[in-house]
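The values are calculated or read from the model by the stated rules, or taken from the named source; none is laboratory data. In this text the structure is predicted, and so the values were computed from the model without any measurement. Every residue, glycine among them, receives a Cβ derived from its backbone with ideal geometry; neighbour counts consider all protein chains shown. SASA here: full protein model, heavy atoms, side chains in, ligands and nucleic acids out. Shrake-Rupley method; radii C 1.70, N 1.55, O 1.52, S 1.80 Å.
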Amino acid sequence: MYKGKYHLFYQHLPEGCEWAFGLVWGHAVSTDLVQWHHLPHALEPTPGSLDADGCFSGCATVDTDGRPVILYTGVRLRTNPALPLPPADRDLNLPFVESQISAIPADPDDHDLITWCKDSAPFLELPPPDLELTGWRDPFVVERPSAANGNEWIVLIGSGLKGVGGACLVYRTTDLRRAAAWRYDGLLCCGDGETGAVWECPLVAELQPMPPGARAPPALALGLGGRLRGGASGLGHAGAGLGAGGDGAGKAAGGGHERRPLRHDGPQPHHHHHAGEQQQQQQQHYHHQLDPVNELQQLKLEAAAAPRRRRHFYTISPDACTNPTIYWLGDYAGGRFDMAGAAGPFRLDLGDVLYAPNVMEDDHGRTLLWSWLQEKRTVQGLTDEGEVESEGGGR
């Protein structure tokens, strides 16, 4: 939120209904979260640059000097001849190369923040060396500078460790826009392969205590069904409020008593799912048998064994938009999330369209969760509808 307005940034393809490279950041503003006004694109790919083939996900925040800043992942295809490939120890061998880029408004006094200017150099050009990562994208500010954290920003980046599972990298910096100020600070936490090979759009939010007398609904009514099973490698994200951002479309399971397994087959309407023989060889089905009665009993045992309140919400979007977004409830401190002591993973939404959420705190002190809902119609259906509208004059 900036100068009394909510700013919504979202990934957008201006001239198509099917995912492709060349993503831009759309931009809309509102004063009440109900009525929205569309603005010109905030970010567009710059030919010959690190984001020549797409402006992927990221977040927005307000710097210590009061100026808004966007942090996002820019991508360029390996086949793009404008820039050299990374050195071998920092090359993830994906069909695209990822870099982390910042942008600021041309006029911070403009309440609508219509025009944005990219910094000339990335704040992080390449991932840490020799980590064998499955991806490196979606920066999210988890802590602002304070005396408690050494007056540093703490920023998460979604990733995964080859042969291990999804992971979230932690970076620290005293200056969001100066590359020399950034340093890698290890892992927030790591999965075991059962929750995906790459964790997209990671975020952590502190939860407020429930009001006195309030009672949580039953676990299965919230869709907190069985844990994800299986192990496969894959890749997989676009919405951001001024405060945080994300990028993806979710494909989860049906009702509260079942969950489809993580999977990689079928259409991938996403920026990471297009290509590569290596990626196709990695794709395989996840298999999962769910017993909701045993699952509920396990949750009750966990609650009885650890009645303490878990203060933080940690969510990731695993691998691809055909998977459910999942979360844990646990404790975060100093750039680390206690996965061993956390409850979860749980499915965030009962539907089958939500993916890549993000959070922000507004001027009223409320924590708002944003996400995007993927289009359910087929590409052919969208094309047919476009033909109908063009022939019939709209609806």
Q. Taking H as built 1.01 Å from N, whose amide H comes closer than 5 Å to the amide H of Val353, not counting residues under 5 places away?
A. Ala252
Q | ³J(HN,Hα) computed for each position of the range 159-173 - Karplus, 6.51 cos²θ - 1.76 cosθ + 1.60, integer Hz, glycine/proline x | A | 6, x, 10, 4, x, 10, x, x, 8, 10, 8, 10, 10, 10, 7
Q: Rank-order 314-320, 5-11 by packing density, defined as the average count of other C-beta atoms within 10 Å over each peptide's residues, highest first.
A: 314-320, 5-11
Q: Take the alpha carbon atoms of the range 19-54, find their center, do the same for the range 131-145, and report the distance between the two centers in whole angstrom.
A: 21 Å
**Q.** Heavy atoms of Met210 accessible to a 1.4 Å probe, total area in Å² rounded to 10
**A.** 110 Å²
Q: Quick one: which residues, 5+ away or cross-chain, put their amide H under 5 Å from the amide H of Ile326? H built at 1.01 Å from N.
A: Ile316, Leu348
Q.
Could you check the spin-label model distance between Val164 and Ala28? Points 7 Å from the Cα along Cα→Cβ, value in nm.
A. 4.0 nm
Q: Using a 1.4 angstrom probe on heavy atoms only, work out the carbon and sulfur share of the accessible area of the range 316-371 in %.
A: 51 percent
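Averaging sequence separations of C-alpha pairs under 8 Å and six or more residues apart, then dividing by the length of the range 37-78, give the relative contact order as a whole percent.
Relative contact order for the range 37-78 comes out at 37 percent.
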